[in-house]
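Remarks on the structure that follows.
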Amino acid sequence: MDRVQSIKIPLPPLSIQEQLVAEVEKLEEVITNNQKIIDESYTLKQQVMKKYL
């Protein structure tokens, strides 16, 4: 365990980390919105199929 703890992992400056977090948050929002569209489309499809089949 000491060997693992002694490994040094370089990190980008805090400003770069914050930019990365902001970009990931934007992507998560896009993914969430797209999932809502998919869910709504599925619901609409089910309603149409129920009406016509």
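The values are calculated or read from the model by the stated rules, or taken from the named source; none is laboratory data. Keep in mind that this is a model prediction, so the values were computed, not measured. Virtual Cβ from ideal backbone geometry, glycine too; neighbours counted across all protein chains shown. Accessible surface areas use protein heavy atoms only, side chains included; no ligands, DNA or RNA. Shrake-Rupley method; radii C 1.70, N 1.55, O 1.52, S 1.80 Å.
Is there a quick way to get the dipole size of the chain? I mean about its Cα centre, with the Cβ of Lys and Arg at +1 and of Asp and Glu at -1; what is the value in debye to the nearest 20? If you can, show how the numbers build up before the last one.
On the way: 7 positive and 8 negative charges, 77 e Å.
Using only the charged Cβ atoms, the result is roughly 360 debye.
Based on the alpha-carbon gyration tensor of the chain and its eigenvalue square roots a ≥ b ≥ c, which shape applies: rounded if a/c is under 1.5, prolate if not and a/b is larger than b/c, or oblate?
Cα axes put the chain in the oblate bin.
Which of the lysines could a cross-linker span from LYS51 if the Cα-Cα distance has to be under 27 Å and same-chain partners fewer than 8 positions apart are dropped?
LYS36
Can you tell which of VAL48, LEU11, ALA22 lies farthest toward the positive end of the dipole of the chain, using +1 and -1 charges on the Cβ of basic and acidic side chains (Lys, Arg; Asp, Glu)?
VAL48
Near LYS26, which aspartates and glutamates are there with a Cα under 15 Å away, not counting those fewer than 8 places off in the same chain?
GLU18
Before I look further, what does the chain give for accessible area per residue, probe 1.4 Å, in whole square angstrom?
With the other protein chains kept in place, the chain gives 104 Å² per residue.
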